[in-house]
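Read through the structure below, which is laid out as C-alpha coordinates, and then see the notes.
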Amino acid sequence: GESVGLHLPTLSVQEGDNSIINCAYSNSASDYFIWYKQESGKGPQFIIDIRSNMDKRQGQRVTVLLNKTVKHLSLQIAATQPGDSAVYFCAETQYSSASKIIFGSGTRLSIRP
Amino acid sequence: DGGITQSPKYLFRKEGQNVTLSCEQNLNHDAMYWYRQDPGQGLRLIYYSQIVNDFQKGDIAEGYSVSREKKESFPLTVTSAQKNPTAFYLCASSRQGQGIYEQYFGPGTRLTVT
(Lines give C-alpha, C1' and ligand atoms only; values in the text may rest on other atoms or scores of the structure.)
Protein backbone atom coordinates (compact mmCIF):
# COMPACT_ATOMS: atom_id res chain seq x y z
CA GLY A 1 0.00 0.00 0.00
CA GLU A 2 0.86 3.66 -0.04
CA SER A 3 3.27 5.11 2.48
CA VAL A 4 1.15 8.17 3.11
CA GLY A 5 -0.03 6.81 6.46
CA LEU A 6 3.40 6.67 8.07
CA HIS A 7 3.87 8.60 11.33
CA LEU A 8 0.14 9.23 11.73
CA PRO A 9 -1.63 8.94 15.07
CA THR A 10 -3.38 5.59 15.20
CA LEU A 11 -6.63 4.60 16.86
CA SER A 12 -7.05 0.87 17.46
CA VAL A 13 -10.62 -0.29 18.02
CA GLN A 14 -12.24 -3.67 18.62
CA GLU A 15 -14.55 -4.73 15.83
CA GLY A 16 -18.13 -3.88 16.81
CA ASP A 17 -17.15 -1.06 19.17
CA ASN A 18 -17.71 2.60 18.43
CA SER A 19 -14.81 4.72 17.16
CA ILE A 20 -14.24 8.38 17.90
CA ILE A 21 -11.72 10.27 15.80
CA ASN A 22 -10.85 13.79 16.87
CA CYS A 23 -9.64 16.80 14.97
CA ALA A 24 -8.63 20.30 16.01
CA TYR A 25 -9.08 22.91 13.33
CA SER A 26 -7.01 26.02 13.00
CA ASN A 27 -9.02 28.88 11.53
CA SER A 28 -11.79 30.42 13.60
CA ALA A 29 -13.24 31.87 10.37
CA SER A 30 -13.83 28.37 8.97
CA ASP A 31 -17.53 27.62 8.71
CA TYR A 32 -17.65 24.37 6.76
CA PHE A 33 -16.05 21.09 7.75
CA ILE A 34 -15.67 17.78 5.97
CA TRP A 35 -14.52 14.32 6.95
CA TYR A 36 -12.77 12.15 4.38
CA LYS A 37 -11.81 8.47 4.46
CA GLN A 38 -8.73 7.28 2.60
CA GLU A 39 -8.14 3.58 2.15
CA SER A 40 -4.71 2.28 1.33
CA GLY A 41 -3.73 3.02 -2.26
CA LYS A 42 -6.83 5.08 -3.00
CA GLY A 43 -7.89 8.70 -3.09
CA PRO A 44 -9.91 10.25 -0.23
CA GLN A 45 -13.66 9.70 -0.17
CA PHE A 46 -16.19 12.14 1.26
CA ILE A 47 -17.92 10.79 4.37
CA ILE A 48 -19.90 13.59 5.92
CA ASP A 49 -19.89 17.37 6.22
CA ILE A 50 -21.20 19.96 8.65
CA ARG A 51 -21.70 23.69 8.54
CA SER A 52 -21.00 25.94 11.49
CA ASN A 53 -24.68 26.65 12.13
CA MET A 54 -24.98 23.05 13.37
CA ASP A 55 -23.23 21.23 16.19
CA LYS A 56 -24.19 17.70 15.17
CA ARG A 57 -24.96 15.88 11.97
CA GLN A 58 -25.71 12.21 11.48
CA GLY A 59 -25.21 9.96 8.52
CA GLN A 60 -25.34 6.23 8.10
CA ARG A 61 -23.33 4.86 11.05
CA VAL A 62 -21.40 8.12 11.29
CA THR A 63 -21.94 11.26 13.34
CA VAL A 64 -19.94 14.47 13.21
CA LEU A 65 -19.83 16.78 16.23
CA LEU A 66 -18.64 20.36 16.03
CA ASN A 67 -17.54 22.45 18.99
CA LYS A 68 -16.79 25.93 17.70
CA THR A 69 -15.82 27.23 21.12
CA VAL A 70 -12.71 25.05 21.24
CA LYS A 71 -12.37 24.57 17.45
CA HIS A 72 -12.86 20.85 17.67
CA LEU A 73 -14.46 18.28 15.40
CA SER A 74 -15.07 14.63 16.01
CA LEU A 75 -16.19 11.76 13.83
CA GLN A 76 -18.01 8.93 15.52
CA ILE A 77 -18.36 5.60 13.74
CA ALA A 78 -20.88 3.21 15.22
CA ALA A 79 -20.30 -0.56 15.31
CA THR A 80 -16.90 -0.37 13.65
CA GLN A 81 -16.33 -2.91 10.88
CA PRO A 82 -13.14 -4.18 9.20
CA GLY A 83 -14.02 -2.11 6.14
CA ASP A 84 -13.69 1.03 8.25
CA SER A 85 -9.91 0.56 8.42
CA ALA A 86 -8.46 3.64 6.75
CA VAL A 87 -6.91 7.04 7.34
CA TYR A 88 -9.50 9.67 8.26
CA PHE A 89 -8.95 13.36 7.48
CA CYS A 90 -10.85 16.37 8.64
CA ALA A 91 -10.89 19.42 6.41
CA GLU A 92 -11.95 23.00 7.02
CA THR A 93 -12.86 25.84 4.75
CA GLN A 94 -15.04 28.90 4.41
CA TYR A 95 -18.24 28.11 2.56
CA SER A 96 -17.90 31.14 0.30
CA SER A 97 -14.39 30.11 -0.75
CA ALA A 98 -14.94 27.40 -3.33
CA SER A 99 -11.35 26.35 -3.75
CA LYS A 100 -9.32 26.56 -0.56
CA ILE A 101 -9.81 23.57 1.66
CA ILE A 102 -7.30 22.96 4.46
CA PHE A 103 -6.77 19.29 5.24
CA GLY A 104 -5.61 17.88 8.55
CA SER A 105 -2.84 15.30 8.67
CA GLY A 106 -5.15 12.40 9.40
CA THR A 107 -5.70 9.58 11.89
CA ARG A 108 -5.26 5.93 11.04
CA LEU A 109 -8.12 3.71 12.27
CA SER A 110 -7.10 0.11 12.87
CA ILE A 111 -9.70 -2.58 13.63
CA ARG A 112 -8.92 -5.51 15.94
CA PRO A 113 -10.86 -8.69 15.15
CA ASP B 1 -19.31 4.66 -14.95
CA GLY B 2 -18.38 8.22 -13.99
CA GLY B 3 -15.29 9.18 -12.09
CA ILE B 4 -11.77 10.48 -12.11
CA THR B 5 -8.87 8.55 -13.51
CA GLN B 6 -5.22 9.14 -12.88
CA SER B 7 -2.47 7.35 -14.68
CA PRO B 8 -0.14 5.74 -14.11
CA LYS B 9 -0.55 4.51 -10.53
CA TYR B 10 3.22 4.35 -10.03
CA LEU B 11 5.77 6.48 -11.87
CA PHE B 12 9.54 6.45 -11.64
CA ARG B 13 11.83 9.16 -13.01
CA LYS B 14 15.42 10.23 -12.82
CA GLU B 15 16.29 13.53 -11.22
CA GLY B 16 16.38 16.39 -13.70
CA GLN B 17 13.59 15.05 -15.89
CA ASN B 18 10.20 16.66 -16.24
CA VAL B 19 7.26 14.32 -15.85
CA THR B 20 3.56 14.80 -16.60
CA LEU B 21 0.82 13.19 -14.53
CA SER B 22 -2.51 12.58 -16.17
CA CYS B 23 -5.94 13.40 -14.70
CA GLU B 24 -9.20 12.86 -16.57
CA GLN B 25 -12.79 13.20 -15.33
CA ASN B 26 -16.11 12.40 -16.97
CA LEU B 27 -18.28 13.95 -14.26
CA ASN B 28 -18.82 17.15 -16.24
CA HIS B 29 -17.22 19.09 -13.40
CA ASP B 30 -15.94 22.60 -14.06
CA ALA B 31 -13.39 22.69 -11.25
CA MET B 32 -10.31 20.50 -10.98
CA TYR B 33 -7.51 20.39 -8.43
CA TRP B 34 -4.08 18.91 -7.85
CA TYR B 35 -2.88 18.02 -4.36
CA ARG B 36 0.33 16.60 -3.03
CA GLN B 37 0.32 14.17 -0.10
CA ASP B 38 3.43 13.38 1.95
CA PRO B 39 3.70 10.85 4.80
CA GLY B 40 2.18 12.18 8.00
CA GLN B 41 0.85 15.34 6.36
CA GLY B 42 -2.45 16.53 5.04
CA LEU B 43 -3.14 17.26 1.41
CA ARG B 44 -1.56 20.44 0.09
CA LEU B 45 -3.01 22.28 -2.88
CA ILE B 46 -0.67 22.67 -5.86
CA TYR B 47 -2.91 24.18 -8.57
CA TYR B 48 -6.60 24.47 -9.27
CA SER B 49 -8.74 25.36 -12.22
CA GLN B 50 -12.31 26.63 -12.06
CA ILE B 51 -12.89 26.78 -15.79
CA VAL B 52 -11.27 25.74 -19.05
CA ASN B 53 -8.21 27.78 -20.04
CA ASP B 54 -7.88 29.25 -16.56
CA PHE B 55 -6.00 28.05 -13.48
CA GLN B 56 -4.58 29.46 -10.24
CA LYS B 57 -1.64 28.61 -8.04
CA GLY B 58 -2.29 26.84 -4.79
CA ASP B 59 -0.10 26.83 -1.72
CA ILE B 60 2.86 24.92 -3.17
CA ALA B 61 2.91 25.70 -6.91
CA GLU B 62 6.66 26.22 -7.26
CA GLY B 63 8.22 23.61 -9.53
CA TYR B 64 4.90 22.55 -11.02
CA SER B 65 2.91 23.57 -14.08
CA VAL B 66 -0.57 22.73 -15.35
CA SER B 67 -2.80 23.25 -18.35
CA ARG B 68 -6.57 23.13 -18.79
CA GLU B 69 -7.28 22.95 -22.50
CA LYS B 70 -10.27 20.65 -22.08
CA LYS B 71 -12.91 20.44 -19.38
CA GLU B 72 -12.19 16.75 -18.84
CA SER B 73 -8.42 16.98 -18.49
CA PHE B 74 -6.03 18.71 -16.08
CA PRO B 75 -2.48 17.37 -16.50
CA LEU B 76 0.21 18.26 -13.97
CA THR B 77 3.86 18.58 -14.96
CA VAL B 78 6.44 18.11 -12.24
CA THR B 79 9.48 20.02 -13.45
CA SER B 80 13.13 19.59 -12.58
CA ALA B 81 12.81 22.78 -10.53
CA GLN B 82 10.72 20.97 -7.91
CA LYS B 83 13.20 20.29 -5.11
CA ASN B 84 11.48 17.29 -3.56
CA PRO B 85 9.16 15.75 -6.15
CA THR B 86 8.78 12.27 -4.65
CA ALA B 87 5.23 12.16 -3.27
CA PHE B 88 1.70 10.86 -3.77
CA TYR B 89 -0.24 13.14 -6.14
CA LEU B 90 -4.02 13.37 -6.02
CA CYS B 91 -6.31 14.96 -8.55
CA ALA B 92 -9.85 16.02 -7.66
CA SER B 93 -12.82 17.65 -9.33
CA SER B 94 -16.00 19.35 -8.20
CA ARG B 95 -18.96 21.28 -9.44
CA GLN B 96 -18.48 25.01 -9.51
CA GLY B 97 -20.76 27.75 -8.28
CA GLN B 98 -21.82 29.49 -5.11
CA GLY B 99 -20.27 27.83 -2.09
CA ILE B 100 -18.45 24.59 -1.61
CA TYR B 101 -19.18 21.42 -3.52
CA GLU B 102 -17.92 17.95 -2.72
CA GLN B 103 -14.55 17.16 -4.24
CA TYR B 104 -14.22 13.77 -5.90
CA PHE B 105 -10.72 12.35 -5.81
CA GLY B 106 -8.89 10.13 -8.23
CA PRO B 107 -6.89 7.08 -7.07
CA GLY B 108 -3.60 8.97 -7.07
CA THR B 109 -0.20 8.62 -8.72
CA ARG B 110 2.84 7.69 -6.66
CA LEU B 111 5.86 9.50 -8.14
CA THR B 112 9.36 8.43 -7.17
CA VAL B 113 12.31 10.47 -8.38
CA THR B 114 15.82 9.14 -7.85
Report the dimensions of chain A along its three principal axes from the alpha-carbon atoms, largest first, rounded to Å. 41, 27, 22
Of the beta bridges DSSP finds with both residues in the protein assembly as shown, what % are antiparallel, to the nearest 5? 90 percent
Burial order of peptide ranges B:15-28, B:68-81 (average beta-carbon count within 10 Å, highest first): B:68-81, B:15-28
Mean separation of Cα contacts under 8 Å (at least 6 apart) over the residue count of chain B, i.e. the relative contact order in percent, is 35 percent
Report A:Val13's accessible area, 1.4 Å probe, all protein chains in place, as a number in Å² to the nearest 10. 10 Å²
Protection proxy (average C-beta count within 10 Å per residue), highest first, orders B:32-38, A:82-88 as B:32-38, A:82-88
Relative intensity, log₁₀ I(q)/I(0), of chain B from a Debye sum that treats every alpha carbon as a point, q = 0.20, 0.23 Å⁻¹: -1.05, -1.36
Amide H proximity to B:Gly42 below 5 Å, modelled H, separation 5+ or other chain, gives A:Ser105
Would you mind computing, in nm to one decimal, how far apart the modelled labels at B:Asn28 and A:Glu15 are, each placed 7 Å from Cα along Cα→Cβ? 4.2 nm
Residue mean of other protein chain beta carbons inside 10 Å, A:32-42: 2
Which FRET efficiency, nearest 0.05, do A:Gln76 and B:Asn18 yield, Cβ-Cβ r, R0 35 Å? 0.20
Can you figure out the FRET efficiency of A:Asn22 with B:Thr86, using R₀ = 35 Å and their beta-carbon distance, to the nearest 0.05? 0.70
Do you know the Lys pair count in the protein assembly as shown for C-alpha distances under 17 Å, with sequence separation 8 or more or different chains? 5
Mind pulling up the Rg/Rh value for the protein assembly as shown? Radius of gyration and Kirkwood radius, both on Cα. 0.97
Could you work out the relative contact order of chain A, using alpha carbon pairs under 8 angstrom and six or more residues apart, expressed as a whole percent? 37 percent
Given B:Ala87, B:Gly106, B:Tyr64, which one lies farthest toward the positive end of the charge dipole of the range B:58-114, if we put +1 on the Cβ of every Lys and Arg and -1 on the Cβ of every Asp and Glu? B:Gly106
How big is the dipole moment of chain B about its Cα centre under a simple scheme where the beta carbon of each Lys and Arg is +1, that of each Asp and Glu is -1, and everything else is neutral? Debye, nearest 20, please. 300 debye
Send over a whole-number figure in Å² for the accessible area per residue of chain A, probe 1.4 Å. 49 Å²
Other protein chain Cβ atoms within 10 Å, averaged over every residue that makes up A:107-113: 0
Over all residues in B:40-47, what is the mean tally of Cβ atoms on other chains that come within 10 Å of each residue's Cβ? 6
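The values are calculated or read from the model by the stated rules, or taken from the named source; none is laboratory data. It should be emphasised that the depicted structure is a prediction, and the values quoted were computed from it without experimental measurement. Here Cβ is always computed from backbone atoms with ideal geometry, including for glycine, and neighbour counts include all displayed protein chains. Only protein heavy atoms, including side chains, enter the accessible area calculation; ligands, DNA and RNA are left aside. Shrake-Rupley method; radii C 1.70, N 1.55, O 1.52, S 1.80 Å.
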